[in-house]
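The values are calculated or read from the model by the stated rules, or taken from the named source; none is laboratory data. This is a predicted model, so every value here is computed, not measured. We place every Cβ from the backbone using ideal geometry, glycine too, and count neighbours over all the protein chains shown. The accessibility values were calculated without ligands, DNA or RNA, using every heavy atom of the protein model including side chains. Shrake-Rupley method; radii C 1.70, N 1.55, O 1.52, S 1.80 Å.
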Amino acid sequence: MLEREEVKKVAHLARLALTEDETDAFTGQLAQILDYVEQLNELDTDEVAPTAHAIDMRNVTRPDDLENYEHREDLLNAAPAREGDFIRVPKIL
Amino acid sequence: MASIRELHQQLVSKARSARELTQETLQRIDATEPKLRSFLHLTADSAIARAEAVDAKIASGEDIGILEGIPIAIKDNMCTRGVPTTCASKILENYIPPYDATVVEKLSAAGAVSVGKTNLDEFAMGSSTENSAYQVTGNPWDTDRVPGGSSGGSAAAVAAGQCVVATGSDTGGSIRQPASFCGVVGLKPTYGLVSRYGLVAYASSLDQIGPFARTVEDAAIFLEALAGYDSKDSTSLKGDVPNYAAALESETIANLHGDKLKIGVIQETFGEGLDAEVDGAVKAALKVYEELGAEVEMVSCPTFRYGLPTYYVIAPSEASANLARYDGVRYGARAEAAENLIGMYAETRARGFGAEVKRRIAIGTYALSSGYYDAYYLKAQKVRTLICQDFKNAFAQYDVLVSPTSPTTAFKAGEKTDDPLSMYLSDLMTIPVNLAGLPSLSLPCGFDRQGLPIGLQIIGNVLQETKLLQVAQRYEQASEWHTKAPSL
């Protein structure tokens, strides 16, 4: 059974500030969903390889060529706090 | 309501101008939007300007392409340069992308006239479009009911004639389930057929863009415009795009008689939880296929029912990684009050995301966290292999597989919002298809006693979109469901 403390830990890992009410609600709901997921254990998968992509794929590489980007201003303007050519963030150190 | 081909003829013969067509569409939106709320943003001015450019081209005697001047809509999780792209989330409320998604670029180049961006469940997470942070979209057949989701805005818009065709994205059924609820055709292509560049990522190994249309032919024409290799998407498939619409006209498949088309009916999708009227309509559709000369048999896909629990590990896991980028630094909203960087991230995300998005991020983070990875994520990936194998076995015997698209018809708004798991169950039949990367469509196959549309799901093997469309069109030609329109 999923504990309230685990939900708090997960919220911290995911950088989600949850209210006390949200934490309570999520504890019940996530437990219910995880309980539903438990049915996967009915299947024996010891000898089964995992699938990450259904369609067979290989890594795609290309030369690392420089290209000019036309919309530099649009990118900077998309930031919630711009200062000149920089993006402002709260103090880190 | 006219088809793409009919509208194209009207434009070419100058019976109607592209400007008139666009204006009529915008008027239809004005008249119906108070009831439906399908759109998050309208782009009326640029639509008129584009339509006028098409008219100028026609006036100068130039040939126009099949989509030129055709009013379309774009799901609001596909980036549009200079036009807001919110994903129906508060966290992207002010986001104006500096670039177009590849599909948007292709549709512009094809001359299609986009009238706006459609509503969805926040970040495409949901099955009713009620998870939109902005508005609840009504089902055109009964506006107290949901249009399905997550592409509910696009499905409702196409069904109600607010546009001719629209884009959707489908991670676990987000095109097919709303197509079923709204009585239109919705197609999820083979994973990799349509570029995901500029589609805001939810679960990258499952997401795929596809068309909503009122007929199979319109879906074929629209799919052809969307499909094709794109070097900007590392999972994009190489190869030429077939001429899907031309394949529909081809003489050799004009008649199913003698063609020995083999249809496998997925046994596990019938039974408990399936609405009796949906069951009846789907079985009646199978009868039609038999009368058309197809061989219809039950086939068992034993792991089919494990699709849903597998999806609810894999999709949230991928989502928790994909949505880590919404941190209030480079774009979107930011919670300013926080004193340090970590606090700013956590507050921004707390205020910017809705409950379902937070729930999925939490599940995914848990499934990927140290100590649980093998038990949840790795286990789900292994079951995914078994599900793929089941489909492979079935396709060794059958040309296409069919099932109901969703176990029920459209439910009432608010009916399932407090019970996430019961909401998830409406995607039971569509989800395994995404896990296997297969193409699949939903097409109308009847109405229940309340007048709500019922959808038939047809699943094809990898890159068999042509066959899928052909098989769907045979039924469409033998039925009249697609000629019915909701009265609004």
Handout entry: Failed item, numbered, when B:ILE459 is tested on (1) within 14 Å of chain A (Cβ to nearest Cβ); (2) within 28 Å of B:GLY152 (Cβ to Cβ); (3) out of contact with any strand residue (DSSP E or B) (no Cβ under 7 Å at 6 or more places or on another chain)
Key = (3)
Problem - Filtered residue count, region B:361-382, keeping only those that are of a type in the set (D, E, K, R), more than 7 Å from chain A (Cβ to nearest Cβ) and either buried (at least 24 other Cβ atoms within 10 Å of the Cβ) or in contact (Cβ under 8 Å) with a residue 40 or more places away in the chain (or both) - result: 0
Practice task
Only one of these is farther than 23 Å from B:SER204 by Cβ and either within 14 Å of chain A (Cβ to nearest Cβ) or touching a residue at least 24 places away in the same chain (Cβ under 8 Å) (or both): B:ALA335, B:ALA315, B:ALA324. Name it.
Solution key: B:ALA335
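Can you give me the number of residues within region B:343-355 that are more than 7 Å from every other protein chain (Cβ to nearest Cβ), in a helix (DSSP H, G or I) and open to solvent by 20 Å² or more (accessible area, probe 1.4 Å)? Spell out the reasoning first.
Restricting attention to region B:343-355, the residues satisfying the condition of being more than 7 Å from every other protein chain (Cβ to nearest Cβ) are B:343, B:348, B:351-355.
Among the residues that remain, those that are also in a helix (DSSP H, G or I) are: B:343, B:348, B:351-352, B:355.
With open to solvent by 20 Å² or more (accessible area, probe 1.4 Å) added as a condition, the list becomes B:343, B:351, B:355.
Qualifying residue count, region B:343-355: 3.
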Problem - Residue within region B:298-321 that is at pLDDT 95 or above, part of a loop (DSSP other than H, G, I, E, B) and small (Gly, Ala, Ser) present - result: yes
Handout entry: Single condition B:ASP427 does not satisfy, out of (1) within 24 Å of B:GLU297 (Cβ to Cβ); (2) in contact with a Leu (Cβ under 9 Å, 6 or more places away or on another chain); (3) of a type in the set (D, E, K, R)
Key = (1)
Problem - Matching residues, region B:295-330, being small (Gly, Ala, Ser) and buried (at least 22 other Cβ atoms within 10 Å of the Cβ) - result: B:GLY307, B:ALA315, B:SER317, B:ALA319, B:SER320, B:GLY328
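Going by the conditions given, is B:ALA101 among the hydrophobic types (A, V, I, L, M, F, W, C), surrounded by 24 or more Cβ atoms within 10 Å (Cβ to Cβ) and modelled with pLDDT of 95 or more? Break it down into steps so the answer makes sense when it comes.
Values: among the hydrophobic types (A, V, I, L, M, F, W, C): yes; surrounded by 24 or more Cβ atoms within 10 Å (Cβ to Cβ): yes; modelled with pLDDT of 95 or more: yes.
Yes, satisfied.
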Exercise for the section: Answer with yes or no whether B:LYS358 is touching a residue at least 12 places away in the same chain (Cβ under 8 Å), within 7 Å of another protein chain (Cβ to nearest Cβ) and either more than 27 Å from B:VAL462 (Cβ to Cβ) or open to solvent by less than 40 Å² (accessible area, probe 1.4 Å) (or both). Expected result: no
Problem - Scan of region B:51-90 for residues that are outside any loop (DSSP other than H, G, I, E, B), surrounded by 23 or more Cβ atoms within 10 Å (Cβ to Cβ) and in contact (Cβ under 8 Å) with a residue 40 or more places away in the chain, ordered by number - result: B:ALA51, B:VAL54, B:PRO71, B:ILE72, B:ALA73, B:ILE74, B:LYS75, B:MET78
Exercise for the section: Examine region B:105-120 for a residue that is surrounded by fewer than 24 Cβ atoms within 10 Å (Cβ to Cβ) and in contact with a His (Cβ under 8 Å, 6 or more places away or on another chain), and state whether such a residue exists. Expected result: no
